[in-house]
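Here's the structure we're looking at; comments come further down.
Nothing in this text is a laboratory measurement; each read-out follows from the coordinates by a stated rule. Everything numeric here is computed off the predicted structure, so don't read it as measured data. Backbone-built Cβ (ideal geometry, glycine too); neighbour counts: all protein chains shown.
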Amino acid sequence: MQYSANTLEHHWMPFTPNREFKDAPRLVVKSKGVELWDHHGNRLLDGSSGLFCVAAGHGREEIAKAVHSALMENDYTAPFNLGHPTSFELARMVAAITPEEINHVFFTNSGSESIDTALKIAMAYHRSRGEGQRTRFVSRERAYHGVNIGGTSLSGMVKNRETFSGVMPNVVCMRHTWLEENRFTRGQPEHGAELAEDLQRMVDTYGGTTIAACFVEPIAGSTGTLVPPKGYLQRLREICDANGILLVFDEVICGFGRLGAPFAAQAFGVTPDIMTMAKALTNGAQPMGAVAVRDDIYDTIVNAAPEGAIELFHGYTYSAHPAACAAGIATQKIYQDEKLFDRADELSDYFLDKVFALQDIDLVTDIRGYGMLTGIDVKPGVVPGIRGTKIQKALFHNGIHIKFTGDAGIFAPPLVTTREQIDEMIGVVRETLETFKD
Ligand SMILES: Cc1ncc(COP(=O)(O)O)c(C=O)c1O
């Protein structure tokens, strides 16, 4: 099949150098399991689970059938003041794997919407308690929380925010947790717990009673997998508790088994107040996100409203869409039936061994990893980020899809990947990095 620039022109592609891409497109036309095929018929392996969504592998018939039946039986129900049974079932399934005190789930259509929703829930919660003065949010350098105005405001990545100056005010950033002395640490680094004191400094500078919530990705994913130093998340929790600040874990990448546990909250033994999720909620087969909150947050907001009144003035036309709920339920069943979170835990040792063995390659300046999520930094070229993009393309042409952000590759294959497929992926990555020419 041939594609010319003309036929590709009208779609303005996201986070893509459009002009360059359209001159030499990389189009995926088929996907199954851990494999992809491009429009020239070449086979590739999916080293980033799409965009960290496809935990159970591509082309799962159970999910496709569930979506098909949902659309045939009840394709759409207005989600305000009306409902359909599957949203309640999916919420129950999600609540069953979140920490014990987190049992209420609000559905969205993406990670970015989950972040906006979490921001609003935090505001509504404090207002309901008579603490509406808490309007400040704390985020972190190198954070990625999606691209809506809320997520852009929380962003710690310069390219994602420098063009958009008119975002939410009142967001302050803690330092990121990358430290030179932690280079090539597998699992949680020893150094850096003290970086959590940045939150205390925000409290000391702005006043703890002005801060609504602290948002962190437990592992900062999109920036290249920054695993939290030992004790870091625990210390954030303590500072939040001491000052009435809500702790929000953005679990959009970490959630649903990626770390060998249902969520990062369990993997790291720290319970947040609010969790945002998306991606592997539906195995990427339908757009969907969710925000799960502690019971008393739900109760506080709901009980503050007059009897019979809407309690939270927020929601989307496609909140809890029947097709997305069907995909979510089928996905959660696969995770249970195939014990995929345990599988990820068992496989991760092998995977991390293989990825960390890449550190002898000259081009590689750091590797980080936890569970089935790793980041590989390569030496930047003259302009940071350009080499990463070139490597991503070279990897694709050599037979593997790995997402790069700047000069960091995020290597996170589906949780169903076999050891042989890991070996094959590592082989392609090694060969590409060893022989890479700018
Ligand atoms: C931690 C985190 N939060 C939010 C998002 C935004 O999700 P979406 O692209 O579905 O809006 C992402 C996407 O990669 C993410 O990694």
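Quick notes on this structure:
- DSSP-loop GluC sites (Glu not before Pro) across the stretch 161-197, with at most 13 other Cβ within 10 angstrom: Glu162, Glu190
- Dipole-positive endmost among Gly255, Met93, Leu433 within the chain (Cβ charges, Cα centre): Leu433
- Test item: Cα-centred dipole of the chain, Lys/Arg +1 and Asp/Glu -1 on Cβ, debye: 880
- Helical segments meeting 24 Å axial Cα length and Kyte-Doolittle -1.0 threshold in the chain (DSSP H): 111-128
- Positive-end residue, the chain charge dipole about Cα centroid, Cβ charges, pick of Ala326, Gly244, Leu71: Leu71
- Extension reserve of the Ser165-Glu131 stretch, reckoned as 0.36 nm per residue once the Cα distance is removed: 9.4 nm
- Annotation note: GluC sites (Glu not before Pro) in the stretch 1-65 located in DSSP loop regions with a Cβ neighbour count of at most 16 within 10 Å are Glu9.
- Remark: relative contact order (the stretch 64-337) = 28 percent; criterion is Cα-Cα distance under 8 angstrom and separation of 6 or more residues.
- Extension gain for Val29-Phe356 works out to 114.5 nm (0.36 nm per residue, less the C-alpha to C-alpha distance).
- Subtracting the Cα-Cα distance of Glu61 and Glu180 from 0.36 nm times their residue separation leaves 38.3 nm of extension gain.
- With all pairs of different C-alpha atoms in the average, the Kirkwood value for the hydrodynamic radius of the stretch 64-337 is 19.1 Å.
- Exposure proxy shown here: for Ser49, Ser155, Ser87, the number of other Cβ atoms within 10 Å sets the order, fewest to most, as Ser87, Ser155, Ser49.
- Given R0 = 22 Å, the distance between the Cβ atoms of Asn42 and Asp423 translates into a calculated FRET efficiency of 0.65.
- Of the trypsin sites (Lys or Arg not before Pro) found in the stretch 352-438, those that fall in a DSSP loop while having at most 12 other beta-carbon atoms within 10 Å are Lys437.
- Cross-link pairs Lys120/Lys333; Lys120/Lys403; Lys120/Lys279; Lys159/Lys354; Lys120/Lys159 - those with Cα-Cα distance over 27 Å: Lys120/Lys333; Lys120/Lys403; Lys159/Lys354
- 4 °C / 1.567 mPa s Stokes-Einstein diffusion coefficient of the stretch 161-232, Kirkwood radius on C-alpha pairs, µm²/s: 93
- Looking at the chain alone, DSSP beta bridges between its own residues are antiparallel in about 65 percent of cases.
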